[in-house]
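This report refers to the structure that appears directly beneath it.
Laboratory data are not the source of any read-out in this text; all were calculated from the coordinates shown. What you are looking at is a predicted structure, and each value in this text was computed from that prediction instead of being measured. Note: ideal-geometry Cβ built from the backbone for every residue, glycine included; neighbour counts use all protein chains shown.
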Amino acid sequence: MNRICFLLLYVCYSTSTFAQLPAEDTLTLDLGAPPPSVDLRSYIYSLEAQEDQPLSLQQAASRRFTHDPQLFHTDKRNNGRDHDLWLKLHVRNTGLKDSSLTLFTGWHDYMYWYAAAADGTYTLLSQTGLMLDKGGVERWERYGFPVRVPAGQTRTFLLHIVNKSYDENALMPVLYNALQYERFRNEQLSTYRGEAVVIQVLLGMLLVFLSIAVINYIQLPDRSYLYFAAYILGLILFFALRLESKPYQLSVFHHWPMLKYYWDIPALLFCFYLMYVLFGNAFLNLRERYPYMEQVFSIVAASTGGIIIICFYCIARERYHLPGIIYSYVYLGTLLPLLMVFVALARRSRHHPLVRFFLFGSLCFYLACLGSFLMQIRPLGLISALGELSAPSMLMIAGVLLQAMFFLAGLSYRNKLAHLERTKTQEMLIKQLNKNKELQRKLNEQLEELVKEQTSEILRRKQELEEQRQIQLDIEYDKKLTEIELKAIRAQINPHFIFNCLNSIQLFVMQRDYEYAQKYLSDFSYLIRKTLDFSRRNFISLTDEITYLNTYLGLEKMRFENKMEYDIRVDPTINTTELEVPAMLLQPYVENAVKYGMTNPDQPIGRLTIHFRQLAGDMLECVIEDNGIGINRSKELRTLPKHHQSSGMEISSNRAELLNKMYNTGIHIEIIDKSVRNFTESGTIVRILIPQL
Amino acid sequence: MIKAIIIDDERNSRDIIALMLGKYCPQVDIADTASDCADGISKIKLHQPQLVFLDLEMPDGTGFDVLQGTQETPFEAVFVTAFEKKFLHAIRFSEVEIILKPIDKESLLQAVQTVTRRIEQQASKHRYRVLLDNFNHGKQTSWNLLLPLAGGQETTIHTTAIEYLESCTDKCAFYMDNGMVLYAERNFRHYADLLIPLRFYQVNNTQMVQLSHIHRVAQDSQHIQLNSGAQLEITERRKKDLLSFYNR
């Protein structure tokens, strides 16, 4: 018992300190009552095959094994190459029973378990490994190798381990009894189950992201959604590969475990470099916003694509560890340039709010990666820790999630911006439309105004024309009126005269002086007839005028009992039948001369002369002369108020004007009082000048 | 016998008046004749006649001049003229007799009869003052109008004071703007003819209104309202005519 306790203490000590234990050739145990676990590091001899020179079983058995405890490690270790390892173990059963224990060295790619027979030949007892077992095999049961040693005998075992991955899982040979082995497995199982839950949750979220991206892309065909979806898909594949129901069971891809190699590193490169920059390019619209950065991103994308192809090539050549190395260098090599890119982008963030989402997402992921790397440097050492850059640690998972969320939020924000832009554009469009409408309205108004102006112009012209026509009409009307007036005046032979004549005829009749009455009546009839006749004509011949005046004066002479004499003289040169004078022009002047010519108390007999003369220039002169009191004195004598003035003179003053207006002639009338010329004389001279047409 | 003088510038006229008077009105004694105004005035002053036949237009003046010159001598005048138009209103408004040449027997007899009655009744000579007033004022809007009233009474009104006149069988009622109503012993037609040129308007068969006294012409009914508040009927045709008259 003491020894067992010692051994236990020893194991605990050795596992915790990695102390250099003295090598012992053979493990000596009572297999009937074994300790729960035995650290085998000091009992195991090892042989490492050279790279690219794998050893056969015979070769390995014939080689010399050395004792090298440095081979073993409890955590992952990056060997930087394929690890082809042979382990040899001698076990002696000091117990009384044949017994069996379980050897567990960790999870490795290829494992072959040999037992040496008595003749020194090895037989393969079992083989297993992450890459060796095909689908449908419960690998989990096969990583513990049975160590059967009959009682009191010594047996030799050979374990061949090949790790092709860049990361070698924990390599720690421990011998468990059945109970302890079960306990150990349970611990492992619960750990993996916890991890699986995390990965499942992560996968669920990533699937949600993927569907969001896909749905968004369908709604709004924006290429950044596609890149984002590809990125998420890569991540899903990456993590789905890690989803293990039992440790290293590779439950999802166990049908083809090679995917672990084919996908792991390329997936990281694909997700975090290729798709990342492509997404950034499309998402930030760098082509327009930041062309230089766009070039950088394109170059990075192209080179990442190249690297991915190289990785695939390496994998195809079964150089599985090379992609890991490449990835480490790529990661570390791009750390500083990426930071520079971030800074460059950050400076643009003020004008480009999307940059913030991109930056925060990227930073989250890279810091998470760096964090997990830095956290592992101390326990693993620098080189081994590099593996943690790609290992799905909790921190990195959080980083990945944060990044995806930031990107998704960025995309949503981008959508919002696009929506805003669209709204703005719509508003601008509406504004423009309104403006157009306004413009159209203004144009219409202007047009209307123009039309109005033109209409008013037309109306004005029309009115002008109308006015002109009116004026024309007025003129014509005036002319007609003048003519009518003239006719009226012509017809206006003094009614006083007419009724006085009738009175005289009445008297002769009553006095039975029929001859006189007859003469008076016929003369009067002639005069009235001529007056009516002349009133219809504008011009009459001088002969007619003279006859008319003769008749008139004859009647007047009869009225005034021969108290007047008259004389009508015509120059013999005048062709009286051809000359024409305005009808009834002279009569009122003659009547006036009769009326006032007889009022001169100094002259018992009124003397009236009418003289027609032809002046030079086709001018007919008519002079009516009386020996009355003269126009001035007769005017003085007239005590009548002005409004009762007799029509004769009024007519005479108007007549010439009217005639001149009517016939456009220059009839001139001059009334002279004789006493003005010579005060010894008395009387009036009326001089009428009639131009011959 | 009524002593009369004839004043006319034409001998023919004088002769025929004398001839006709001698023939039809033997009660009229022609004392003298005159051929112009000045002669006439002196003859009137000399003979102090009861009746003067007066020509309107003479070489040295008018019959009015003769009246003017003989205001202190009371006589009745009958105007004899060939053409009355110029002085028609002055004469007719003052109810002075007028005979138109050529003289017909009826109008001569009528005039002489009227004048004889006046002489017999020693009627007021106020009419001649009215005549001269009207004459001297010339072309005016307001004329003096002498209205013969019942019982030989007379009154003088201004035409502007007449609101409207109305036919009352053979009389004519004058509604004055002071509310007085005068009944003239002449028919409506006589005054209608006289007053039409003085902006009077006959609104219906029996009524004539002075335009300046119309307050309102109802648009919707056939009435006109006067300034005094009186309402007169008006026929539709005359209303239109009246309105157009106003618009002129």
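For the cross-link pairs A:LYS76/A:LYS164; A:LYS563/B:LYS3; A:LYS519/B:LYS101; A:LYS519/A:LYS635, the ones whose C-alpha atoms lie over 25 Å apart are A:LYS563/B:LYS3; A:LYS519/A:LYS635.
Converting phi to 3J(HN,Hα) with the Karplus coefficients 6.51, -1.76 and 1.60 and the offset θ = phi - 60°, the stretch A:471-476 yields 4, 4, 4, 4, 4, 4 Hz in sequence order, with x at every glycine or proline.
The mean sequence distance of close C-alpha pairs (under 8 Å, at least 6 residues apart), as a share of the length of chain B, puts its relative contact order at 10 percent. Ranked by how many other Cβ atoms sit within 10 Å of their own Cβ, fewest first, the residues A:LEU354, A:LEU332 fall in the order A:LEU332, A:LEU354. Size of the stretch A:538-691 from its Cα atoms: along the principal axes, largest to smallest, the extents are 40, 32, 30 Å. Inter-chain neighbour count for B:9-17: the average number of beta-carbon atoms from partner chains within 10 Å of each residue's beta-carbon is 6.
In chain A, the longest principal axis of the Cα atoms and the axis of helix A:321-348 are about 30 degrees apart. Both the radius of gyration and Dmax for the stretch A:435-558 are 32.5, 111 Å, in that order, over alpha-carbon atoms. Legend: ranking of residues A:LEU336, A:LEU206, A:LEU555 from fewest to most surrounding C-beta atoms inside 10 Å; resulting order A:LEU336, A:LEU555, A:LEU206. A compact globular protein would have a Cα radius of gyration near 2.2 N^0.38 Å; the ratio found for the stretch A:188-414 is 1.01. Computed from the Cβ-Cβ distance with R0 of 45 Å, the FRET efficiency linking B:THR169 to A:GLU561 stands at 0.35. Principal axis extents of the C-alpha atoms in chain A (largest first, rounded to whole Å): 215, 47, 41.
Note on the stretch B:72-159: with charges restricted to the Cβ of Lys and Arg (+1) and Asp and Glu (-1), its dipole about the Cα centre is near 240 debye. Working note: Karplus 6.51/-1.76/1.60 with θ = phi - 60° gives the stretch B:188-193 the couplings 4, 4, 4, 6, 4, 5 Hz, where Gly and Pro are set to x. For chain A, the longest principal axis of the C-alpha atoms and the axis of helix A:587-597 are separated by about 50°.
In the stretch A:188-414, Cα pairs under 8 Å separated by at least six residues give a relative contact order of 17 percent. Listed values for the stretch B:211-224 are Karplus-derived 3J(HN,Hα) couplings in whole Hz (6.51 cos²θ - 1.76 cosθ + 1.60, θ = phi - 60°), namely 4, 5, 9, 7, 8, 7, 10, 5, 6, 9, 10, 8, 9, 10, and x replaces Gly and Pro. Taking every residue in A:503-516 and counting other chain Cβ atoms within 10 Å of its Cβ, the average works out to 4.
The per residue volume of the convex hull around the alpha-carbon atoms of the stretch B:2-136 is 93 Å³. Take the convex hull of the alpha carbons in the stretch B:151-247; its mean projected area over all directions comes to 6.2 nm². Basic side chains Lys and Arg get +1 at the Cβ, acidic Asp and Glu get -1 at the Cβ, and with that the dipole of the stretch A:103-190 about its Cα centre reaches some 160 debye.
Scanning residues 5 or more positions from B:ILE2 or on other chains, those with amide H under 5 Å from its amide H are B:VAL28, B:ASP29, with H placed 1.01 Å from N in the peptide plane. If you wrap the Cα atoms of the stretch A:118-272 in a convex hull and average its projected area over all directions, you get 11.8 nm². Could you tell me the distance between the Cα centroids of the stretch B:4-46 and the stretch A:344-358, to the nearest Å? For the stretch B:4-46 versus the stretch A:344-358, the Cα centre distance is 139 Å. Simple spin-label model, 7 Å along Cα-to-Cβ: B:ARG11 to A:ASP474 in nm? The modelled label-to-label distance comes out at 5.7 nm.
For B:TRP143, the residues whose amide H sits under 5 Å from its own are B:THR159, B:THR160, ignoring neighbours fewer than 5 places away on the same chain, with H placed 1.01 Å from N. Of all the options B:ASP32, B:ASP193, B:ASP133, the one that moves most in a Gaussian network model of chain B with Cα springs shorter than 10 angstrom is B:ASP193.
More than 15 Å apart: what percent of Cα pairs in the stretch A:536-588 qualify? Pairs farther apart than 15 Å: 52 percent. Within chain B, the proportion of Cα pairs with more than 29 Å between them is 37 percent.
Residues B:TYR191, A:TYR526, ranked from the fewest to the most other C-beta atoms within 10 Å, line up as A:TYR526, B:TYR191. Based on Cα contacts under 8 Å between residues 6+ apart, chain A shows a relative contact order of 8 percent.
Remark: the protein assembly as shown carries a charge dipole of roughly 4760 debye about the Cα centre, counting +1 on each Lys and Arg Cβ and -1 on each Asp and Glu Cβ.
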